[in-house]
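Asker: One structure coming up, written as structure tokens, with questions to follow.
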Amino acid sequence: MNLISVNVGLPREVVWKGKMVTTGIFKAPVEGRIAVRRHNLDGDGQADLTVHGGEAKAVYAYPSEHYSYWRPEFPGMDLLWGSFGENLTTQGLLEDAVRIGDRFRIGSAELVVTQPRLPCFKLGLRFSRAEFVKPFLASRRTGFYFAVLREGEIGAGDNVEPMGRDTAGLTVTEILRLHLGDLKDAERLRRAAQLETLPQSWRDHFLKLLASAQS
């Protein structure tokens, strides 16, 4: 497992559907070592902090393996690393194997997996295709967020070293499928609601689903 690319970008204003929108989804690869902070990477930023960023979504990772899946959807477009708004383009970290609560060391930083990505309309803005949010989510190739356990420095080419695995945890894919309602499993819902690394809003959602399933 390794880090293919580190990508950052500050919020910018763009015109979308006739309106000015501020977004931080445009990321570009950077060279050298980048500092990882509690809330983001140096040189990176989010536009709407009510739904983006924060400790539970400090760093967004996306598997490089998914790029070959998406290239036929965008013929003629050069999908550079960072195209999906990710900070880290990774190799060997897939959603159906990585669990919520898994901890990794990259460079001198230590990170923990917190949640899948639920894309907003700005992903469609990024590709000038408003309807892209639906196929992206339906593909279950959403990537995932890290919280920062220990600040440090990272760079392209770094190894991604497992530090600890939450054996009671659920994979990123399982959590996403539970959230979307296509995996109706009371035991998994119960386990998801008890995952301490998962943000409270997700846990509350699963508690409601569990209550509905048992009523």
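Asker: Test V59 against the stated conditions and say whether it is hydrophobic (A, V, I, L, M, F, W, C), in contact with a Ser or Thr (Cβ under 9 Å, 6 or more places away or on another chain), crowded, with 23+ Cβ neighbours inside 10 Å and in contact (Cβ under 8 Å) with a residue 40 or more places away in the chain.
Answerer: No: the conditions fail for V59.
Asker: Another one. Wholly within region 123-205, which strands (runs of 3 or more DSSP E) include no fewer than the required count, namely at least 3 residues that are among the β-branched types (V, I, T) and closer than 20 Å to F84 by Cβ? If you could, list the steps in order and put the result at the bottom.
Answerer: Values: elements: 144-150, 152-154, 160-164.
The strands (runs of 3 or more DSSP E) meeting that bar number zero.
Asker: While we're looking at this one, here's another question. Go through region 67-102 residue by residue and tally those that are of a type outside the set (K, R), outside any loop (DSSP other than H, G, I, E, B) and crowded, with 17+ Cβ neighbours inside 10 Å. Outline the logic, then answer.
Answerer: Of the residues in region 67-102, the ones of a type outside the set (K, R) are 67-70, 72-98, 100-102.
From what is left, the residues that are outside any loop (DSSP other than H, G, I, E, B) are 67-70, 72-73, 88-91.
If we keep only those that are crowded, with 17+ Cβ neighbours inside 10 Å as well, we get 67, 70, 88-90.
So the count comes out to 5.
Asker: Hey, could you check region 144-188 for residues that are touching a helix residue (DSSP H, G or I) at 6+ places or on another chain (Cβ under 8 Å) and within 18 Å of V6 (Cα to Cα) and say which is surrounded by the most Cβ atoms within 10 Å (Cβ to Cβ)?
Answerer: This residue is F144.
Asker: Next question. Go through region 197-215 residue by residue and tally those that are within 23 Å of Y62 (Cα to Cα) and in contact (Cβ under 8 Å) with a residue 24 or more places away in the chain.
Answerer: Qualifying residue count, region 197-215: 4.
Asker: OK, next. Restricting attention to region 190-213, does a residue exist that is surrounded by fewer than 16 Cβ atoms within 10 Å (Cβ to Cβ), farther than 29 Å from T89 by Cα and of a type in the set (S, T, Y)?
Answerer: Yes: region 190-213 contains one or more residues that are surrounded by fewer than 16 Cβ atoms within 10 Å (Cβ to Cβ), farther than 29 Å from T89 by Cα and of a type in the set (S, T, Y).
Asker: Give me the pairs: first residue in region 70-94 and farther than 25 Å from Q115 by Cα, second residue among the aromatic types (F, W, Y) and surrounded by 15 or more Cβ atoms within 10 Å (Cβ to Cβ), beta-carbon distance under 9 Å, and six or more apart or on different chains, which are they?
Answerer: Cβ pairs passing all conditions: E73/F127; E73/F132; F74/F127; M77/F127.
Asker: Check region 115-138 and report whether any residue there is hydroxyl-bearing (S, T, Y) and in contact (Cβ under 8 Å) with a residue 12 or more places away in the chain.
Answerer: So in region 115-138, the residues hydroxyl-bearing (S, T, Y) come out as 128.
Now restrict to residues that are in contact (Cβ under 8 Å) with a residue 12 or more places away in the chain: none.
No - not one qualifying residue is present in region 115-138.
Asker: What tally of residues in region 104-119 results from selecting those that are outside any loop (DSSP other than H, G, I, E, B) and either aromatic (F, W, Y) or within 19 Å of R203 (Cβ to Cβ) (or both)?
Answerer: So the count comes out to 6.
Asker: Considering G18, G76, G45, G54, which residue is under 14 Å from the mean Cα position of the chain (by Cα) and among the small types (G, A, S)?
Answerer: Details: G18 fails: under 14 Å from the mean Cα position of the chain (by Cα); G76 fails: under 14 Å from the mean Cα position of the chain (by Cα); G45 fails: under 14 Å from the mean Cα position of the chain (by Cα).
The conditions single out G54.
Asker: Out of curiosity, is S108 among the hydroxyl-bearing types (S, T, Y) and under 14 Å from the mean Cα position of the chain (by Cα)?
Answerer: No; evaluated as a whole, the condition is false for this residue.
Asker: I've got another one for you. Counting only residues that are at pLDDT below 90, give me the strands (runs of 3 or more DSSP E) lying completely in region 1-66 with at least 1 of them.
Answerer: 12-16, 19-23
Asker: In the set D44, D48, which member is among the charged types (D, E, K, R) and under 23 Å from E161 (Cβ atoms)? Steps first, please.
Answerer: Working: D48 fails: under 23 Å from E161 (Cβ atoms).
Just one listed residue meets the conditions, D44.
The values are calculated or read from the model by the stated rules, or taken from the named source; none is laboratory data. Because the structure is predicted, anything quoted here is derived from the model rather than measured. Don't worry about glycine lacking a Cβ; one is built from the backbone with ideal geometry, like all the others, and counts go over all protein chains shown.
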